[in-house]
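Engineer: One structure, pasted below without further comment.
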There are 4 protein chains.
Amino acid sequence: MNTYKHEVKYYECDRMGVTHHSNYVRFMEEARVDWLDQLGFGFEKIEAENVFSPVISISCEYKHPTTFKDIIEIEVKISKMSEMKFEFDYTMRSNGKLVCLGHSAHCFIENGRPVAISKRLPDFYQSLKSYISVE
Amino acid sequence: MNTYKHEVKYYECDRMGVTHHSNYVRFMEEARVDWLDQLGFGFEKIEAENVFSPVISISCEYKHPTTFKDIIEIEVKISKMSEMKFEFDYTMRSNGKLVCLGHSAHCFIENGRPVAISKRLPDFYQSLKSYISVE
Amino acid sequence: MNTYKHEVKYYECDRMGVTHHSNYVRFMEEARVDWLDQLGFGFEKIEAENVFSPVISISCEYKHPTTFKDIIEIEVKISKMSEMKFEFDYTMRSNGKLVCLGHSAHCFIENGRPVAISKRLPDFYQSLKSYISVE
Amino acid sequence: MNTYKHEVKYYECDRMGVTHHSNYVRFMEEARVDWLDQLGFGFEKIEAENVFSPVISISCEYKHPTTFKDIIEIEVKISKMSEMKFEFDYTMRSNGKLVCLGHSAHCFIENGRPVAISKRLPDFYQSLKSYISVE
C-alpha cells in the first residue's frame, strides 16, 4: 500500500504556530479513506450498501510538532480485526521525524445496528484480513 | 431579537494569533440558526418538512481582528426577501469595536429543486417578512 | 468546578448526520480552557509567562452519537500529575446518555524546552495538585 | 500558472451531504498559497520579512454543490491592485461544472500598521503587477 501524504494548510495551524492537535484525527481519516480506496473498498462503495462505519475510539501520541507546508507521510496498518470490529495503526512522519502515532477502532452498522462484517460484506472482510500485520 | 454571542475558541485562531477569517462564515451560520430559533422556525423544523435551505452567497468585510476568548456579538437582520430567496446582514462587534460585516443569501429546495417559500411554508414566509428592516 | 456545556453546531455534523468524531477533541480543549479559567490559571495567563502547554496525547472512546443542537455536558477531572506532566479525564454526557470518554496529557515548555511546572509556576502546580481525584 | 486542485474530504461535508459552504473560503486560501508559491513569493517568505497579509474581505457565490471525493479545480487570477491592496478572483470547477466564484482582498501590515507594498517589497509588487488580468 502507498503511504498517504498530507500537506499542512495555513488554517490548520494554531496560535502556537503549529498544526492544531485535533487535525491529526482528520489526517488519520484522510489516510484511512485512501487506504480503503487502495484496497478497492472505498467509503462510498460501503455506504452505497447502506452500511456505515462509525469510529469507536481514537488515540494520538504527539511526538514532534509540524507546521504550515510540512508534508506529513502517513503509513496505515490494519492491526487487529474481528467479525464486529477492525483497528488501524497510523505512523506519521515529516522531514524524517516521527511526528505522531495514531490508532483508531471501527465497527459496522446497518439501520443503526451493529452487523458482522464477515457475513454482510464477506469480500471486504477477506480483503481486510489479508492485510493484518503479522509482525 | 436577541444578539447572538460567540466566544472565540483556541482552535479558531491561526498562526497570526487572530481568529482565522474563514471562521466568521461559521459564526454567521450560528447566529442565523439562533435567529431562526427565536423566530420559531429552527433549521430542524424546516428540515423535518424535507425542505433544505442552501447558502447561495456569502460575503465578509473584516474590520478589526479578534482573538482567543473575545466575545463576538452578532446582530442579524433580514435585509431582503422574495418568494425564492432571502438575505441576511450580520453586524459583529467585540470589545466595543466593529469587527466584521457579513451578508448571506439563501433559497429553499425540496427534492433538489427550488421552491417558492410563500407557497410551501406560508407561515414561515409571513414571519420572515414581518422582520424585514424598513430603515 | 462547573461542568462545561457545548451546543453542537450545524457545521460540526458530518454526512452521517452526527457530530464528526474529530470535534470531540476540540470540545475537550474548550472544557479544559474553561476548567483552567475556573482554577484561576487561564491559558492566556500561562502564555503571558512565555510558558506553553502542548498536548502530549489524547484519546476518545465514542459511546453514543450526538447531533446538531445537542447540548454536551463535559465534566473535567485532573487524573494524574507529576512535575513534568498532567493528565485530564473528560466525561461527556448528552440527553442523559454517556456520549464520549476522553483523556489528554500535557507538558509545559519554555523556549521550546520542557520545564518542571513545580519550579516554574509553583502556585499553578499546587492548585492543580489540590484537584487530583482521589477516588 | 497551474490550476490548484482540492479533493473534498469526508470531514468537510455536512448534514446535507455536501461540502459545507465555509470550507470554500479555506480552499481559496489554499489556492492563493499555491499561486503565490508559483509566483516565487510564498507566505513564509513574506512572513520571514515580518510582513503579514491579512484578508480584508471575501465573498463566494455558490453555483453547484460538491461532495466527498470531488476534485475542485481552482483558477486564481489577480484582478486588481494598488500600493496598499490586492485582490483575487477564484473560479472553482468540478466534474465540468462551475461550482463557486470567489473573491478576496488583502493588504499588508508590518508591526500592526499598513505598509505600501511597492516600497516595502518592490520585487513582489512588480511580480504581482505583471499578472494583472487585462481581459
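Read-outs: derived from the displayed coordinates by stated rules, not from any lab. All figures in this text were calculated on a predicted structure; none of them were measured in a lab. As a convention, Cβ positions derive from the backbone with ideal geometry for all residues, glycine included, and neighbour counts pool all protein chains shown.
Engineer: Please state the shape class of the protein assembly as shown: rounded when a/c is under 1.5, otherwise prolate if a/b exceeds b/c and oblate if not, all from the C-alpha gyration tensor.
Structural biologist: Rounded, since a/c falls under 1.5.
Engineer: Which pairs, out of B:9/B:129; B:97/D:119; A:45/D:77; D:5/D:80, put more than 29 Å between their alpha-carbon atoms? Walk me through the numbers before you get to the answer.
Structural biologist: On the way: B:9/B:129 34 Å; B:97/D:119 31 Å; A:45/D:77 37 Å; D:5/D:80 23 Å.
In this structure, B:9/B:129; B:97/D:119; A:45/D:77 lie more than 29 Å apart at Cα.
Engineer: When a/c reaches 1.5 or more, the comparison of a/b and b/c decides; with that in mind, is segment B:25-71 rounded, prolate or oblate per its Cα gyration tensor? Mind showing how you got there, number by number?
Structural biologist: On the way: a/c = 3.37, a/b = 1.91, b/c = 1.76.
It is prolate, given that a/c is not under 1.5 and a/b is the larger ratio.
Engineer: Pick out, in residue order, every one of the trypsin sites (Lys or Arg not before Pro) in segment B:33-71 that is DSSP loop and has at most 16 other C-beta atoms within 10 Å; say none if there are none.
Structural biologist: B:63, B:69
Engineer: Further question on the same structure: Mark the label point 7 Å from the Cα of residue D:1 along Cα→Cβ and return the residues of segment D:86-112 whose backbone N is within less than 14 Å of it.
Structural biologist: Output list for this probe position: D:86-92, D:102-106.
Engineer: So what is the 222 nm mean residue ellipticity for chain D from helices alone, if each DSSP H run of at least 4 adds -39500 (n - 2.57) and you divide by all residues, rounding to the nearest 500 deg cm²/dmol?
Structural biologist: Dividing the helical sum by the residues of chain D leaves -7000 deg cm²/dmol.
Engineer: Take the Cα radius of gyration of segment B:4-129 and divide it by 2.2 N^0.38 Å, with N its residue count; two decimals is plenty.
Structural biologist: Cα Rg divided by the expected 2.2 N^0.38 Å: 1.14.
Engineer: Would segment A:61-109 count as rounded, prolate or oblate if I go by the C-alpha gyration tensor, calling it rounded below 1.5 in a/c and otherwise prolate when a/b exceeds b/c, oblate otherwise?
Structural biologist: prolate
Engineer: Could you tell me the center-to-center distance, by alpha carbons, between segment C:53-77 and segment C:105-122 in angstrom?
Structural biologist: 25 Å
Engineer: Mind checking the dipole of chain D: about its Cα centre, +1 per Lys or Arg Cβ, -1 per Asp or Glu Cβ, Debye to the nearest 20?
Structural biologist: 220 debye
Engineer: Compute the angle between helix A:23-39 and the longest alpha-carbon principal axis of chain A, please, reported from 0 to 90 degrees and rounded to the nearest 10.
Structural biologist: Rounded to the nearest ten degrees, it is 50.
Engineer: Here is a further query. Mind checking C:51-64 for the average number of partner chain beta-carbons within 10 Å of each residue's beta-carbon?
Structural biologist: Other-chain Cβ atoms within 10 Å of each residue's Cβ, averaged: 5.
Engineer: Out of segment D:30-96, which GluC sites (Glu not before Pro) are coil in DSSP terms and have no more than 16 other C-beta atoms within 10 Å? Mind showing how you got there, number by number?
Structural biologist: Details: sites: D:30, D:44, D:47, D:49, D:61, D:73, D:75, D:83, D:87; in loops: D:49, D:83.
Passing both the DSSP loop test and the Cβ count: D:49, D:83.
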